[in-house]
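Report on the following structure.
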Amino acid sequence: MQQWDGLRSSRFAKWMRHLVPLGFLIPALVFGLLHQRGTLPAMYKIAQEALVKPNGTSLLILTPCHATPLYSHLHINIPVRFITCEPPISDKHQDESQVFFADPLLWTEKYWSKPDNFVPSHIIIFSNLVGTIHSFLESKQYFQYESYFHTPFSDDRIGNSVVIYRSKTWDH
């Protein structure tokens, strides 16, 4: 027991009392302040614009399921369409999210070809998809309006930034 008393007062123990909390603080700051934060200011921006023009604002969210907060951050009733991810009905079933990410351009073209789908005033996507559907969105009179840092760790579905496209026909 006395050998542990000496360890408590040693230099090593004193350093460890300071380093261990720091080891938790750095990840807490990264994951609390930097990681996957871009959807929050993006939704705030949409909410601000919807307050200015509530009857002319609509939103198409082309992100993975549950990656973007919806009415909990939007706080206004506007038409919103997002990619769904229902549970599989069978082994061969693909949810809409899987279909979209298999070919984002094809999914987007099919969306616009259906007359019963609303034409959104704003579109939210991650930066990793901009190169895939940017030309199509430009042809439909959308422009890249805002971009918000989202995460330093991107993958095939979630990019480093959240990008808002806005219709050129939507104005204040």
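With θ taken as phi - 60° and the Karplus curve 6.51 cos²θ - 1.76 cosθ + 1.60 applied, the whole-hertz 3J(HN,Hα) list for region 83-100 is 6, 9, 8, 5, x, x, 7, 9, 5, 8, 5, 10, 6, 4, 4, 5, 5, 4 Hz, x standing for glycine and proline. Helices of the chain meeting both criteria, an alpha-carbon length of 24 angstrom or more along the long axis and an average Kyte-Doolittle score not below -0.5, with helices taken as full DSSP H segments, are 11-29. Using the rule -39500 (n - 2.57) for each DSSP H run of four or more residues, divided by the residues of the chain, the 222 nm mean residue ellipticity is -12000 deg cm²/dmol. Among PHE24, PHE82, PHE126, the residue with the largest mean-square fluctuation in a Gaussian network model of the chain, with springs joining Cα atoms closer than 10 Å, is PHE24. Here region 39-167 is treated as a sphere whose radius is the Kirkwood value from Cα pairs; by Stokes-Einstein at 37 °C and 0.692 mPa s it diffuses with a coefficient of 217 µm²/s. Only beta bridges with both residues in the chain are counted; by DSSP, about 65 percent of them are antiparallel.
Take every Cα pair under 8 Å whose residues are at least 6 apart in sequence, average their separation, divide by the length of the chain, and the relative contact order is 24 percent. When each of HIS93, HIS134 is scored by the number of other beta-carbon atoms lying within 10 Å, the sequence from fewest to most is HIS93, HIS134.
With a cut-off of 11 Å, note down the residues of region 60-88 whose backbone N falls inside the zone around a label point 7 Å from the Cα of PHE101 toward its beta carbon. Residues 63-67 qualify, since their backbone N sits under 11 Å from the label point. With the simple model of a label 7 Å out from the Cα in the direction of the Cβ, LEU33 to TRP112 spans 4.1 nm. Panel order for VAL52, VAL130, VAL162, VAL80, by other beta carbons found within 10 Å of each beta carbon, from fewest to most: VAL52, VAL130, VAL80, VAL162. Taking other C-beta atoms within 10 Å as the exposure proxy, ILE26, ILE76 rank ILE26, ILE76 from fewest upward.
For region 39-167, the tally of Lys pairs with Cα-Cα distances below 22 Å comes to 6, considering only residues 8 or more apart or on different chains.
Bear in mind these aren't lab numbers, they're just calculated from the coordinates by the rules spelled out. Note that the structure is predicted; figures quoted are calculated from it, not measured. Here the Cβ is made from the backbone with ideal geometry for all residues, glycine too, and neighbour counts use every protein chain on show.
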